[in-house]
Amino acid sequence: MDLPPPEACHAALIRRDPAFDGRFYTCVRTTGIYCRPVCPARPPLLKNCSFVRAAAEAEAAGYRACKRCRPDAAAGTPASSGSKASVTRAMRLLDDTMASKPETPPLPALAERLGLSERHLRRLFARHLGVSPVALAQAGKLARAVELLDRTDMPMADVAAEAGFTSVRRFNELFLAAHNETPRQRRQRRPSAMNLTLSRFEAPFATLLIVTTAAGAVAALDFIDFEERLRRLLTRHHGPVTLEEGDTPAAVVEALTAYLAGDLSALQRIPTAAAGTVFQQRVWAALCAIPPGETRSYAQIAEAIGQPGAARAVGMANGQNPIGIIVPCHRVIGASGSLTGYAGGMARKAWLLAHEGAARQLV
């Protein structure tokens, strides 16, 4: 099940909407705890929140379970048992069924697959989630609609159809009831696209794609054969963006040229404009603190940011780094000294580490 957009998650948190219980968890940066959408505590501001799909992901990032709403015992965790497991499976089946975009979920078929009566299935949903299967499916379709409204220019009829509504009128009615605004009003207030420049730089080991802001800061750097990933990470971190072909800023060209010529500290002179969660920013800052010629493991990075035991979350943040080479995720290797993975390819990682003099550390 896809994670709803941050604004949709926060709106569900404000409403304490049980339809979203188990679909995401809220990590509160100011308190260091994570909660369920139905938490009775005062809802935090959106700017202080990040959202994850699983309680384990929040704990891997160093967040503690809220003692009021017990997210470590919420849907999808080992603490859930008995009939709760049936509801969890029903939610998974419901999500798969709704992918074919029926107007309403086929409850008799769903109940039959679970070995339950339709009446008992409704009771389980009411007991554990506080909503009916129909309401839950409806919430999923509305979340999909929000994503389409925010990230595409599709006509309203196409948005309704893609989200799973067979009637535009019904779509408008349900959206207004859930969000207190029409789909058109939602789209009108979405942030305008960020204008960025896309350029190319020829390095000895690959052609680099470089995205810069109007001020000349680097927002993304990737290899030419990974342009789709570059665009995806830009959208994820910055929201809507428009890329126009242009020249690489002279200061960036000068610094990259100096780096390739042997001035390994030149990368530090390149201004960056990375956007990410507080945790991601801390990981990326720790990457930039690794001296050229040295390497670190995920566990060592976790120690460096004061969150030992968050090695897995560090690895995830490392993989979300949009500014390769300049934010040197290539300097992270396995605890055994092996190269491990690299999104740009192992050969390029090996070249970069050899260029920096770190090859001697590898096994």
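Readers should treat all values here as calculations from the given coordinates under stated rules, not as data from a laboratory. This structure is a prediction, so every number in the text was calculated from the model and none was measured. Positions of Cβ are generated from backbone atoms using ideal geometry, with glycine treated the same way; all protein chains shown enter the neighbour counts.
So the values come out like this:
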{"read-out": "Rounded to 10°, Cα long-axis angle of helix 346-355 versus longest principal axis of the chain", "value": "40"}
{"read-out": "Cα point-scatterer Debye curve for the chain, base-10 log of I(q)/I(0) at q = 0.06 Å⁻¹", "value": "-0.28"}
{"read-out": "Cα-based helix-to-principal-axis angle, 118-128 vs the chain, degrees rounded to 10", "value": "60"}
{"read-out": "Rounded FRET efficiency, nearest 0.05, which uses the C-beta distance separating Gln268 from Thr30 and R0 of 30 Å", "value": "0.50"}
{"read-out": "Crossing angle, helix 83-98 versus the chain [Cα axis fit, 0-90 degrees, rounded to tens]", "value": "80"}
{"read-out": "Charge-dipole axis of region 250-363 as Lys and Arg at +1 and Asp and Glu at -1 on Cβ define it, positive-most pick from Gly324, Gly262, Gly344", "value": "Gly344"}
{"read-out": "DSSP beta bridges in the chain [antiparallel fraction, %, rounded to 5]", "value": "65"}
{"read-out": "For region 252-363, Kirkwood radius (reciprocal of mean inverse C-alpha pair distance, Å)", "value": "14.2"}
{"read-out": "Orientation-averaged projected area, Cα convex hull of region 140-208 (nm²)", "value": "6.7"}
{"read-out": "Calculated [θ] (222 nm, deg cm²/dmol) that DSSP helices of n ≥ 4 give over the chain, each run adding -39,500 (n - 2.57)", "value": "-13000 deg cm²/dmol"}
{"read-out": "Among 272-279, 8-15, the order from most to least packed when residues are scored by Cβ within 10 Å on average", "value": "8-15, 272-279"}
{"read-out": "Scattering curve values for region 196-278, log₁₀ I(q)/I(0), Debye with Cα scatterers, q = 0.14, 0.15, 0.17, 0.19 Å⁻¹", "value": "-0.45, -0.52, -0.67, -0.83"}
{"read-out": "Choice from Gly140, Gly164, Gly293 with maximal GNM fluctuation in the chain (Cα, 10 Å cutoff)", "value": "Gly293"}
{"read-out": "Convex hull projection area averaged over all views, region 150-299, Cα basis, nm²", "value": "12.2"}
